[in-house]
Every structure is written in C-alpha cells, then in structure tokens.
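Heads up, the thing below is written out as structure tokens.
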Amino acid sequence: MGCHRSGTNLLYDMLLSAGGFAIYRGYLPIYKTMVPRFGSMEHRANRKKILETWLRSKGFRRTGLDPVPLSAQILNDCRTPGDFIRRVMDSVAQNQRAVRWAVYDPDNVLHMERVKADIPNALFVHIIRDGRDIALSLKKMGGFTPLPWDRATTPSLAATSLYWEWMVRKGREHGRKFPSDYFEIHYEDLLTKPQETLRVLGNFIGHDLDYERIRNTGLGMLSDTNSSFREEGSKQQINPLGRWKERLSPQDVSAIEAAVGKCLEETGYALSLPTAERALSIRGAWMRAVYPNFLSAKLWLKLNTPVGRLSDTTALELEDEPEAVAHSVRP
C-alpha cells in the first residue's frame, strides 16, 4: 500500500515472484469502493449486491475460482470486508497450494485500522516514494484532480504533492497504532539496493525474498523491458529515480518544496532549494490549510454518509452478468 505511483504494483509483483505466495494479480477494493457503495456487509442484502457486482469484475475473473461455492461462503459466512478478503484469498491460495497470500491496494493506507480490526494478523507494508516524483507522475497520468482554481501547471503540482503528503501521513498515523505489524519501505531503496531492502522486508513478513529468484521469475512489472529492476545495468533502461530534477521547472520545485518540504525531510528526502527560495506564498499557505481538510472530509463523507453510494466502480472493469453467475447468487 502507499500513495499511487509509489511503486506498490512493483513491490507486489516482487512478493509474488519470491514464491510461496498465491499468484493473484487482481483488485479487491472492498473497503474503498464496494462497502461504501452498497452498505455494511452485516446485512445479507448488501452482501448479495457486493457479491453480484464483484462476480462481474476483472478481479473475480483473475481468481480462477468457481463462483457457486464461493458465493455460498460469502453470503453465509462473511460479515466484514476482511471476511470477504480472507474468504477469497484463502480460496485462491488453497487452489494453488500456496502457503500464504498478499493483497495489493494503494488506498489501504486510508483503511488500515478497519483492516486490522477485521484481520487481526494482518501485516502492512507501506511503500513511500519521493513526493516530487509522485507529483510529476500523477499529474502526467491525471491521477489526482486538484480543485478547479488550482489546475494550472505549478499550482496543480503543489496540490498533488499535498495529496501525497496526506496519504503518507495517514499511513504513518495508522501504522503507529500497531508498530509491530507495520513496515515502511522506500521505492528508491527497492531499486538501488534491492538485496538489502528485500532481506529486511523478508525478516519483517517472515518470508524468504530471494533476490535472484525474484529476478528470474519476473512476474508482472518485473518482466517489462523498461523496468529498472529487470534491466539492471542495461544501457537502454529508463531511470525512474529523481525524474523531477530534469522535468520540473525551478518554479515547480519551489512550489512543491514549500508545500511539503517538512514531510519530504521527515521521510528521508533532502530538499534541493535553500529556505529563501522555497518560502510559502499566501496562496501556498491557503492550499496547505485547505487540501488536508478537504481530502479528510471527502473520505469521511464517503465512508460514513450516503455519499458513498456514488463510489465509482469503473476500476472494477465490470462485464455483463453471465447467466451462471446470476444463478449462483440467488437465494
């Protein structure tokens, strides 16, 4: 888990490539999307809606599971989102004769306390990346939408960096409540010193994360030709580290470091500008006051009010309901 574009997908593929984990490259946004949209899983009617929707998703199609027994188990036995995750992933692991499983979702940094309450033995790996690279990447892909008046280039980068800070701080805040089950890893360390980083991570999760085995297996992103992990030493590789130094203007860097400089330093990233060149403007101070509260209020409304019914299911990649699936969830 971690802010989007932090390397969560890469880290997940490394874990799966290590062996022993169930191979599931799907998406289970039960806390983020399904429960806010359809309601608490304590009620059978809500479980049925969640199940009907998820059985049409790409995430289900990638499990390779038979929908009929799975549907009966979820409808009869699941009362929390954590129950849902365990039922699905235990079934995937059992089918593959894997000893354990992991799930991938960047936004779980926002739901850690709920996850821990539902799955008491859960371990959390929070991957953090330089917020300046995150701002550059998210802006390029349209992964965060600033408020309408902050959508010019420099303000939008500053706003996106504030989103990064909010995500990082939320993850760290939750992680402090169960420190023995929470671990932070830096994207940059994963690329520049993978053997050492994987060894320490392996000690935390109690799993042999052998670097050479991971390289040779190369699932998912690790097999991409432009992956610096896979193509280590290649003259053609594209270095994903510190791209902001080449692609951001001095004005952009100043706005970002003024906005989130303290968080950058707290997470181990040195600032590039002297204090005088990253002074917080009136507009910057206003943004620092508004965005964390705006994002927190938006999340609270989604999780605690009918606003959650508007949760977008596009990421689930739903298909039309097959007859066999429809039959499997009828009472």
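Which of the residues spanning the range 167-196 are under 21 Å from G242 (Cα atoms) and either among the aliphatic types (A, V, I, L, M) or under 19 Å from the mean Cα position of the chain (by Cα) (or both)? Of everything in the range 167-196, those that are under 21 Å from G242 (Cα atoms) and either among the aliphatic types (A, V, I, L, M) or under 19 Å from the mean Cα position of the chain (by Cα) (or both) turn out to be M167, V168, E184, I185, H186, Y187, E188, D189, L190, L191.
Can you name the residue in the range 242-260 that is of a type outside the set (A, V, I, L, M, F, W, C) and under 23 Å from the mean Cα position of the chain (by Cα) and, of all such residues, is modelled with the highest pLDDT? It would help to see each step written out before you state the result.
If we filter the range 242-260 for residues that are of a type outside the set (A, V, I, L, M, F, W, C), which is where we start, we get 242-243, 245-247, 249-252, 254, 257.
The next check asks that each one be under 23 Å from the mean Cα position of the chain (by Cα); those that pass are 242-243.
Numbers: G242: 89, R243: 92.
Top of the filtered list is R243.
With a requirement of 3 or more residues that are among the charged types (D, E, K, R) and either touching a residue at least 24 places away in the same chain (Cβ under 8 Å) or in contact with an Asp or Glu (Cβ under 7 Å, 6 or more places away or on another chain) (or both), the helices (runs of 4 or more DSSP H) lying completely within the range 1-88 that satisfy it span 44-54.
Would a scan of the range 129-151 turn up a residue that is farther than 30 Å from G261 by Cβ and either open to solvent by 20 Å² or more (accessible area, probe 1.4 Å) or free of Cβ contacts under 8 Å to residues at least 40 places away in the same chain (or both)? Talk me through it step by step, then tell me what you get.
Step one: of the range 129-151, the residues farther than 30 Å from G261 by Cβ are none.
Scanning the range 129-151 turns up no residue that is farther than 30 Å from G261 by Cβ and either open to solvent by 20 Å² or more (accessible area, probe 1.4 Å) or free of Cβ contacts under 8 Å to residues at least 40 places away in the same chain (or both).
I74 falls short on exactly one of the conditions (1) out of contact with any helix residue (DSSP H, G or I) (no Cβ under 7 Å at 6 or more places or on another chain); (2) more than 26 Å from R176 (Cβ to Cβ), and that condition is (1).
Go over the candidates Y269, Y291 one by one and state the one that is touching an Asp or Glu at 6+ places or on another chain (Cβ under 7 Å), surrounded by 18 or more Cβ atoms within 10 Å (Cβ to Cβ) and among the hydroxyl-bearing types (S, T, Y).
Details: Y291 fails: touching an Asp or Glu at 6+ places or on another chain (Cβ under 7 Å).
After ruling out the rest, the residue left standing is Y269.
Among the candidates M41, M1, M34, which residue alone is surrounded by 20 or more Cβ atoms within 10 Å (Cβ to Cβ), modelled with pLDDT of 95 or more and more than 18 Å from the chain's Cα centre (by Cα)?
Numbers: M1 fails: more than 18 Å from the chain's Cα centre (by Cα); M34 fails: more than 18 Å from the chain's Cα centre (by Cα).
Unique residue meeting the criteria: M41.
Considering only the range 179-200, state which residues are closer than 25 Å to K262 by Cβ and not in a helix (DSSP H, G or I). Matches in the range 179-200: Y182, F183, E184, I185, H186. Considering only residues in the range 142-186 that are touching a strand residue (DSSP E or B) at 6+ places or on another chain (Cβ under 7 Å) and of a type in the set (D, E), the one that is farthest from I127 (Cα to Cα) turns out to be D181.
The values are calculated or read from the model by the stated rules, or taken from the named source; none is laboratory data. Since the structure is predicted, the reported quantities are computational estimates derived from the model, not experimental observations. Cβ atoms come from the backbone with ideal geometry, glycine included; neighbour counts cover every protein chain shown. All accessible areas refer to the heavy atoms of the entire protein, side chains included, with ligands and DNA or RNA removed. Shrake-Rupley method; radii C 1.70, N 1.55, O 1.52, S 1.80 Å.
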